[in-house]
Amino acid sequence: MKNNLYKDAIAKFGKGLQIAMFIEEASELIKELIKELRGKGNRENIAEEMADVEIMLEQLKIIFNNNDLIQKFKIEKLKRLEKNIRGVEEWK
């Protein structure tokens, strides 16, 4: 159901506008995170902006049709992260 809603939003507003909306939502999350680092954060605002970014990110995955490539990179980056944290050479 969510996937259809995302596709409907892309169809209604267009790919370009949804890409721009992702950038806007990401910048709003960044702003809230900077407030947090300055000791003036609001956890509810951060959660709301995170939700917005996640919704827009799902639309980007549809727009660019690159979920398989994303998964490949995520696995590689998680392996690297684990190696950096634990010194693990192989990721299970």
In the stretch 41-56, what count of residues is obtained for those that are within 23 Å of N4 (Cβ to Cβ) and touching a Lys or Arg at 6+ places or on another chain (Cβ under 6 Å)? 0
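Inside the stretch 29-43, can you point out the residues that are surrounded by 11 or more Cβ atoms within 10 Å (Cβ to Cβ) and in a helix (DSSP H, G or I)?
Taking the stretch 29-43 and keeping what is surrounded by 11 or more Cβ atoms within 10 Å (Cβ to Cβ), we get 29-36, 41-42.
Matches in the stretch 29-43: L29, I30, K31, E32, L33, I34, K35, E36.
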Expected output for the stretch 12-30 (first residue touching a residue at least 12 places away in the same chain (Cβ under 8 Å) and at negative phi, partner part of a helix (DSSP H, G or I) and among the charged types (D, E, K, R), Cβ below 8 Å, 6+ apart or cross-chain) is E25/E49; E25/D52; E28/E49; E28/D52; L29/E49; L29/D52
Could you say which residue among I46, I63 is out of contact with any Gly (no Cβ under 7 Å at 6 or more places or on another chain), assigned to a helix (DSSP H, G or I), in contact (Cβ under 8 Å) with a residue 24 or more places away in the chain and surrounded by 11 or more Cβ atoms within 10 Å (Cβ to Cβ)? I63
Which one of these is in a helix (DSSP H, G or I) and loosely packed, with under 14 Cβ neighbours inside 10 Å: I10, I23? I23
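Bear in mind these aren't lab numbers, they're just calculated from the coordinates by the rules spelled out. Given the structure is predicted, the values throughout are model-derived calculations rather than measurements. Cβ coordinates were reconstructed from backbone atoms using ideal geometry, including for glycine residues, and neighbour counts include every protein chain displayed.
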